[in-house]
Amino acid sequence: MEATHAQDHGHGHPTGLMRWITTTNHKDIGTLYLWFAFIMLLAGGCLALLIRAELFQPGMQVVTPEFFNQLTTLHGLIMVFGAIMPAMVGFANWQVPMMIGAPDMAFPRMNNWSFWLLPVAAIMLVSSFFVPGGASAGGWTMYPPLFLQGGISNDMTIFAVHILGISSIMGAINIVTTILNMRAPGMTMMKMPLFVWTWLITAYLLIAVMPVLAGTVTMLLTDRHFGTNFFNAAGGGDPVMFQHIFWFFGHPEVYIMILPAFGIVSQVIPAFARKPLFGYASMVYATGSIAILSFIVWAHHMFTTGMPTSAQLFFMYATMLIAVPTGVKVFNWVATMWRGSMTFETPMLFAIGFVCLFTIGGFTGLVLAITPVDIQLQDTYYVVAHFHYVLVSGSLYAIFAGVYFWLPKWTGRMYDEKLGKLHFWLSTIFFNILFFPMHFLGLAGMPRRIPDYALQFADFNALATIGAFGFGLSQLILLVVVLKCIKSGAKAADHTWEGADSLEWTHLSSPPPYHSFVTPPVVK
Amino acid sequence: MADAQQQNSTVLKKLIIVTVLMFGFGFLLVPFYKKICEVTGISKDKIAVSNTQMDPARWVSIEFDANVGKNLPWKFEPLTAHLRVHPGEFKQVMYRVVNTTNRTMVGQAIPSYGPARAGSFFQKIECFCFTQQTLKPGEEKIMPVQFVVQNDLPKDVHTITLSYTFYEQVKADAS
Ligand code: HEM
Ligand SMILES: [Cu+2]
């Protein structure tokens, strides 16, 4: 205790830039993760706007086809590994210790490393645009044989993925250990807030599949440079096997991006419905079953690779089975709101937006799970619509909900509610203008990842591009809200949202002290 | 406090072991998938590539013949004089040609068939007769003919003679 106490009052505490570089404090690191994610969101967003600018009209106007392919590839990689995942880890850093009554993460020094690896990987990815031949252009899924060919940027991508993987694994180990070992007395597993549960399960998923991704890209690397032939057909390898191994990682990965979002929404909805979460235990079990099932559905990304019918049927039914626990969750959120005394502050708006729009994405997922349908729709804009409904109006909306929800706690100041609501409504309107037409484009047969298209797709594409610029610009409102909140927001109450009941609201001031829960609280 | 640290490092060690195992598991998936394909018979080398166009019940004899035109003192002969094939079956035979003179000469081989009507059922995929052949003094060439006898070859044809005659080609640009 003594030692921790002394540190608290900052003897030899570095300030300025060195404070952030050397910090081992979970709150600082959470902040770093979230800012990093936001910058990556804007970077990836700029790439997306270039893509949409090219697709505004048929024909080639803005970029070359080669550069277009680089844009789609890097947009995917940056958003998945640079924006969504780090944002979720940022939430875990801020919230997990406060929610379970722990003083910090289990391994603060490793925590610092987990974060500072990210900018290295990000610089590697972004700078690969400027090497001879340009950035990787084979899609974020890195399929051979394309990925085995191509220039040095593919090696940079592989290296970046390795670093990102190491960062995620270290972060996950930290989170698991913190949750298992550092809960306050009385905080039993089944009393943990749902956000903590979802992150515990997500962290296990990360530890299980990030090493597999690392192995896969290592095989790509040795195929490229060290004469192995894992995926190189000319040397007896099998490019389809890459897809099997990649999606063994890839499908759990999409749940890594959505489970913490489920957690955030499960904190926000009860707070604004002023009712406890409906079916807490079933939520925990549903999360667990989704995680387990996510290991046996990967080949739904490969229905057109010529698998035997029996395998196609297996993966079709297994994929549909995942919709059951997912449905349980949606029903529980709706039941939590049912007859609650609801108010509609910005976090709640984003959470409700999440429930409605994520569910649309779930349904299109079910459509794609039907093998004969997927064979028609694979690699069309229908798939693009599907995964943006689950990732943007799913994961990203949950991140927004969480930011608005906890911003008063983190900064001790209120955000501008009017601007927040404006952010929500503009985002939601433009989001749907952007992505809803893609369903029709996909059903009509427009292929994804192609810089030009047939004339009959022109109108919907123009519409989508308008939506894209509207959506992109709306995100600047968030930046304004956050900066305004930090600089001049009104003082926030400690228990900002009276319906919220987790420890950070009931036991800590807003903002919380730099070292919180140095003496653990007792949970009844 | 020390106790808690102890507990943390125990979990850390376990999780690192899981990480390393999963890294290995990724590589293990390679033989694993190969095995599954083998056991379930969906391996690519198990799918026998069979020629469904071939008529195994029928045999046709092919005689290969080679001649040279009057003004072309070349040595020209088939390496295989006789072959039995099924209609629809893909075959390749070789011809040998030697320029016995002491000057560079250009020749072109012209095929003919006996019986003549078999010619339209004798499909050459690759043949030295498609192009002119230029031979330096004393030069020797081994040249392929790849062919398929078509399935609809009239039933009464049992033997086809393929006969090539090499003629000297007066330089095309000279004319
Ligand atoms: C009800 C649950 C879901 C089902 C049944 C489902 C089903 C599918 C299927 C069958 C595909 C393959 C489409 C194709 O390529 O032809 C697919 C693609 C995809 N899904 Fe889902 N999905 C679900 C939820 C999610 C969630 C929650 C996320 C992420 C947060 C997600 C992210 C993706 C992504 C990123 C792809 C495209 C990958 C690519 O090819 O680049 N899905 N989904
Ligand atoms: Cu999937």
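Annotations
- All positions within the stretch A:107-148 that are part of a loop (DSSP other than H, G, I, E, B) and either at positive phi or of a type in the set (D, E, K, R) (or both): A:GLY133, A:GLY134, A:GLY139, A:MET142
- Only one entry in A:PHE354, A:PHE331, A:PHE350, A:PHE315 is assigned to a helix (DSSP H, G or I) and surrounded by fewer than 17 Cβ atoms within 10 Å (Cβ to Cβ), namely A:PHE331.
- Checking each residue in the stretch A:456-495 for being part of a loop (DSSP other than H, G, I, E, B), open to solvent by 10 Å² or more (accessible area, probe 1.4 Å) and aliphatic (A, V, I, L, M) picks out A:ALA490, A:ALA493.
- Qualifying residue in the stretch A:222-239 (condition: in contact (Cβ under 8 Å) with a residue 60 or more places away in the chain, within 16 Å of ligand 2 (Cβ to nearest atom) and surrounded by fewer than 24 Cβ atoms within 10 Å (Cβ to Cβ)): no
- Answer from A:THR287, A:THR305 - the residue that is within 14 Å of chain B (Cβ to nearest Cβ) and open to solvent by less than 50 Å² (accessible area, probe 1.4 Å): A:THR305
- Sole residue being within 16 Å of ligand 2 (Cβ to nearest atom), part of a helix (DSSP H, G or I), within 22 Å of A:LEU77 (Cβ to Cβ) and open to solvent by 10 Å² or more (accessible area, probe 1.4 Å), chosen from A:VAL367, A:VAL390: A:VAL390
- Considered as a group, the residues in the stretch A:121-143 that are touching a residue at least 60 places away in the same chain (Cβ under 8 Å) and closer than 18 Å to A:SER167 by Cβ include one that is farthest from ligand 2 (Cβ to nearest atom), and that residue is A:VAL126.
- Residue pairs whose Cβ atoms lie under 7 Å apart, sitting 6 or more positions apart in sequence or on different chains, and linking a residue in the stretch A:325-336 that is closer than 13 Å to A:PHE358 by Cα to a partner that is crowded, with 18+ Cβ neighbours inside 10 Å and among the aromatic types (Phe, Trp, Tyr), are A:LYS329/A:PHE262.
- The set of residues from the stretch B:96-151 being among the acidic types (Asp, Glu) and within 23 Å of the chain's Cα centre (by Cα) comprises B:GLU126, B:GLU140.
- Residues within the stretch A:174-195 that are within 23 Å of the chain's Cα centre (by Cα) and open to solvent by less than 10 Å² (accessible area, probe 1.4 Å), tallied: 9
- Residue within the stretch B:144-157 that is among the polar types (S, T, N, Q), part of a strand (DSSP E or B), farther than 13 Å from B:MET94 by Cα and in contact with a strand residue (DSSP E or B) (Cβ under 8 Å, 6 or more places away or on another chain) present: no
- On inspection, A:THR198 passes the criterion of being more than 10 Å from chain B (Cβ to nearest Cβ), open to solvent by less than 40 Å² (accessible area, probe 1.4 Å) and of a type in the set (S, T, N, Q).
- Scanning the stretch A:13-35 for residues that are open to solvent by 20 Å² or more (accessible area, probe 1.4 Å) and either under 13 Å from A:HIS75 (Cα atoms) or under 22 Å from the mean Cα position of the chain (by Cα) (or both) turns up A:THR31, A:LEU32, A:LEU34, A:TRP35.
- Output for the stretch A:434-449, where each listed residue is touching a residue at least 24 places away in the same chain (Cβ under 8 Å) and open to solvent by 50 Å² or more (accessible area, probe 1.4 Å): A:PHE436, A:LEU443, A:PRO447, A:ARG449
- Long-range neighbours under 9 Å by Cβ, at least six apart or interchain, first residue at the interface with chain A (Cβ under 9 Å from one of its Cβ atoms) within the stretch B:24-39, second charged (D, E, K, R): B:VAL30/A:ASP238; B:TYR33/A:ASP238; B:LYS34/A:ASP238; B:CYS37/A:ASP238; B:CYS37/B:LYS44; B:CYS37/B:LYS46
- Taken over the stretch A:404-437, the criterion of being within 17 Å of A:MET98 (Cβ to Cβ) and among the small types (Gly, Ala, Ser) is satisfied by A:GLY412 alone.
- Of the residues making up the stretch A:406-433, those that are out of contact with any helix residue (DSSP H, G or I) (no Cβ under 7 Å at 6 or more places or on another chain) and open to solvent by 50 Å² or more (accessible area, probe 1.4 Å) are A:LYS418, A:TRP425, A:ILE429.
- Scope the stretch A:496-523; condition under 18 Å from A:ARG413 (Cα atoms) and surrounded by fewer than 17 Cβ atoms within 10 Å (Cβ to Cβ); matching residues: A:GLU498, A:THR506, A:SER509, A:PRO511, A:PRO513, A:TYR514
- Output for the stretch B:78-110, where each listed residue is open to solvent by 10 Å² or more (accessible area, probe 1.4 Å) and over 19 Å from B:GLU126 (Cβ atoms): B:ALA81, B:HIS82, B:ARG84, B:HIS86, B:VAL98, B:THR100, B:THR101, B:ASN102, B:ARG103, B:THR104, B:VAL106
- Every residue from the stretch A:368-389 that is near ligand 1 (Cβ under 8 Å from one of its atoms) and free of Cβ contacts under 8 Å to residues at least 40 places away in the same chain: A:HIS386
- The requirement of being more than 12 Å from ligand 2 (Cβ to nearest atom) and within 14 Å of chain B (Cβ to nearest Cβ) is not satisfied by A:PHE262.
- Taking the listed residues A:ILE201, A:ILE256, A:ILE207, A:ILE179, the one that is in a helix (DSSP H, G or I) and within 16 Å of ligand 2 (Cβ to nearest atom) is A:ILE256, with no other qualifying.
- Some residue of the stretch A:455-468 being at pLDDT 95 or above, out of contact with any strand residue (DSSP E or B) (no Cβ under 6 Å at 6 or more places or on another chain) and among the acidic types (Asp, Glu): yes
- Restricting attention to the stretch A:286-310, the residues that are in contact (Cβ under 8 Å) with a residue 24 or more places away in the chain and part of a helix (DSSP H, G or I) add up to 13.
- Residue within the stretch A:407-415 that is over 28 Å from A:GLU504 (Cβ atoms) and either in contact with a Cys (Cβ under 6 Å, 6 or more places away or on another chain) or free of Cβ contacts under 8 Å to residues at least 12 places away in the same chain (or both) present: no
- Taking the stretch A:76-90 as the range and being open to solvent by less than 10 Å² (accessible area, probe 1.4 Å) and within 14 Å of A:ASN111 (Cβ to Cβ) as the test, the residues that pass are A:PRO86, A:GLY90.
- The stretch A:479-524, residues that are under 21 Å from A:GLY30 (Cα atoms) and among the acidic types (Asp, Glu): A:ASP494, A:GLU504
The values are calculated or read from the model by the stated rules, or taken from the named source; none is laboratory data. Treat the numbers as computed from the prediction; the structure is a model and nothing was measured. Note that each Cβ is placed from the backbone with ideal geometry, even for glycine, and that neighbours are counted across all protein chains shown. The protein model used for the area step is the full one, side chains on, heavy atoms only, and it has no ligands, DNA or RNA in it. Shrake-Rupley method; radii C 1.70, N 1.55, O 1.52, S 1.80 Å.
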